[in-house]
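The values are calculated or read from the model by the stated rules, or taken from the named source; none is laboratory data. Everything quoted here is computed from the prediction, not taken from an experiment. We place every Cβ from the backbone using ideal geometry, glycine too, and count neighbours over all the protein chains shown. Remember, those area values only see protein heavy atoms, side chains included, never the ligands or the DNA or RNA. Shrake-Rupley method; radii C 1.70, N 1.55, O 1.52, S 1.80 Å.
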Amino acid sequence: MPPPGHPADRLATPRGAAVVLYLAVLTTFLAYRLFGLGLRHTPASVATALTLAEPAVAALLGVAVLAERPTPLSWAGLAALLLALAALSRRDR
């Protein structure tokens with residue numbers, strides 16, 4: 001149990017419970033449910049490329065929207081990920 005006045009106490013309020021419910025249902029359950037339904041109609045190669053692209057897009061959004069400053073190692077990882085995506089998307093295999 002957190003001490004009184006702890007930020008986790010906000011979760012016990014009606015507003016906090018509504019936020020938790022929203023995050024659990026809409027942003028997690030619904031997103032993964034739609035992702036799973038989409039995978040039924042998607043070839044494995046496309047699904048792999050999309051799964052690899054998701055963290056790259058998230059990292060770029062963090063830089064563009066949240067002004068995050070990735071380390072050089074993070075940029076190198078992103079470059080490696082983009083190279084892997086380029087290799088996967090080549091048509092002349």
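General observations
- Accessible area of the chain divided out per residue, in Å², using a probe of 1.4 angstrom: 83 Å²
- Ellipsoid equivalent to the chain - semi-axes via the Cα gyration tensor, in Å: 36, 22, 9
- Radius 13 Å from Cβ of Ala59, net charge of other residues (Lys, Arg +1; Asp, Glu -1): -1
- Estimated from the Cβ-Cβ distance and a Förster radius of 25 angstrom, the FRET efficiency linking Ala76 and Thr48 is about 0.70.
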